[in-house]
1. Please verify whether Asp147 is over 19 Å from the mean Cα position of the chain (by Cα) and under 16 Å from Pro177 (Cα atoms), treating the condition exactly as stated.
2. From the list Val218, Val279, which one is closer than 24 Å to Asp183 by Cα and crowded, with 21+ Cβ neighbours inside 10 Å?
3. What residue, of Asp115, Asp147, Asp62, is touching a Ser or Thr at 6+ places or on another chain (Cβ under 6 Å) and more than 16 Å from ligand 1 (Cβ to nearest atom)?
4. Using beta carbons and a limit of 8 Å, which pairs, at least six apart or on different chains, have the first residue in the stretch 228-257 and under 13 Å from Glu216 (Cα atoms) and the second one at pLDDT 95 or above and within 16 Å of ligand 1 (Cβ to nearest atom)?
5. Which of the residues spanning the stretch 205-223 are without any contact (Cβ under 8 Å) to a residue 40 or more places away in the chain and at negative phi?
6. Go through (1) buried (at least 20 other Cβ atoms within 10 Å of the Cβ); (2) modelled with pLDDT of 95 or more; (3) within 24 Å of Cys300 (Cα to Cα) one by one and return the number of the condition Cys24 breaks.
7. Would you confirm, using the coordinates I've provided, whether Val233 is outside the structural domain of Tyr110 (by TED's automatic domain parsing), crowded, with 17+ Cβ neighbours inside 10 Å and under 25 Å from Asp123 (Cα atoms)?
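The values are calculated or read from the model by the stated rules, or taken from the named source; none is laboratory data. Because the structure is predicted, anything quoted here is derived from the model rather than measured. Here the Cβ positions follow ideal geometry from the backbone for every residue, glycine too, while neighbour counts run over all protein chains shown.
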Amino acid sequence: MGSRCNELADGCVILLMAFFVWVCAGCQGGGSTNHPDSGAEVGATGCEGVDAGGIASPAFADMNVAASGFAAHEGRTVLVVTRSNGSGVLGARSATVTGGAFAFRFPKGYQRSADQELLWLIDADGDGLCNTDAGDHTGYLLVNAVDPGSDALDVSITDNHVRTTSRNVDICNPAAPFGEMMDINITGTGFQAHDGQRVHLLTRTASNGAIFGSGEAVVTGGGFAFHFPKGYVRFTYQEMLVFVDVDGDGVCVPGTDHTSYSATSAFNPVQIAPVDEQVTDNHTSQTARHADVCVVMNGCQVAP
Ligand SMILES: [Ca+2]
Ligand SMILES: [Ca+2]
């Protein structure tokens with residue numbers, strides 16, 4: 001796949017902010033596109049082996065993140081991004097500080113036996129950029145390479161206010177998207193045959209299937225539109241999976257509901273502005289790596 005920027009290299013800067021939408025497995029109803037903390041993490045359990053590819057020798061393990069010592073930021077939203085040098089961003093989501101703490105899981109969010117970074121941002125002024133002069137707060141942890149075996153990797157973080165990576169790269173640069181996460185607009189066109197029906201969409205990385213945005217909408221005038229704050233990892237071919245719920249049962253039924261699949265173009269955005277992408281009613285039922293679109297849409301995070 002293409003030109004992913006090495007985020008640790010000089011000149012490939014890193015910043016961020018954000019809101020996340022974790023995939024809402026089997027979510028029925030609710031039409032919003034972005035819910036920070038929309039809890040419903042999809043359990044990988046039960047999905048293993050449902051699709052060919054990589055499962056027999058999993059390259060990725062779940063990562064549990066437990067944060068403490070954040071009392072100074074009570075009630076604030078924290079964007080956490082994790083990435084490896086080899087696979088890029090492997091997870092990103094927001095959490096709300098409650099009782100000085102928060103915790104969540106990155107499904108398949110740790111690249112086994114690799115050094116991996118965790119970086120986080122409290123975007124005090126809400127502009128989506130990292131600027132400590134504006135009161136933003138960052139933190140950083142390098143997870144040293146380990147193989148957790150069949151277990152998840154448990155990682156604890158504290159409000160350490162670190163703002164440079166282990167390679168001394170400033171993670172807080174107001175001129176760059178934090179953690180490489182940019183906003184994305186995804187517009188559907190050519191869906192006239194489905195006017196009035198409900199469409200479900202998610203966008204994810206092919207590396208480990210991490211979902212960076214998901215939502216539902218009603219097809220109107222042959223189209224629909226989603227906006228996912230911090231839902232795109234710049235420079236990457238990012239997958240976009242769609243199904244139109246033709247039978248209206250809230251889940252993707254192969255052969256009945258209409259699926260689509262495409263990927264972003266991995267261009268190099270030169271300015272910090274939402275990336276615009278389109279999806280069409282192309283009736284594709286598998287991803288480029290042969291994951292079944294319905295299987296993924298129904299909540300199974302399938303590793304490539
Ligand atoms: Ca900011
Ligand atoms: Ca259906």
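1. Details: over 19 Å from the mean Cα position of the chain (by Cα): yes; under 16 Å from Pro177 (Cα atoms): no.
So Asp147 fails the test.
2. The conditions single out Val279.
3. Details: Asp115 fails: touching a Ser or Thr at 6+ places or on another chain (Cβ under 6 Å); Asp62 fails: touching a Ser or Thr at 6+ places or on another chain (Cβ under 6 Å).
The conditions single out Asp147.
4. Note: no pairs meet the criteria.
5. Scanning the stretch 205-223 gives Val219, Thr220, Gly223.
6. (2)
7. The answer is yes for Val233.
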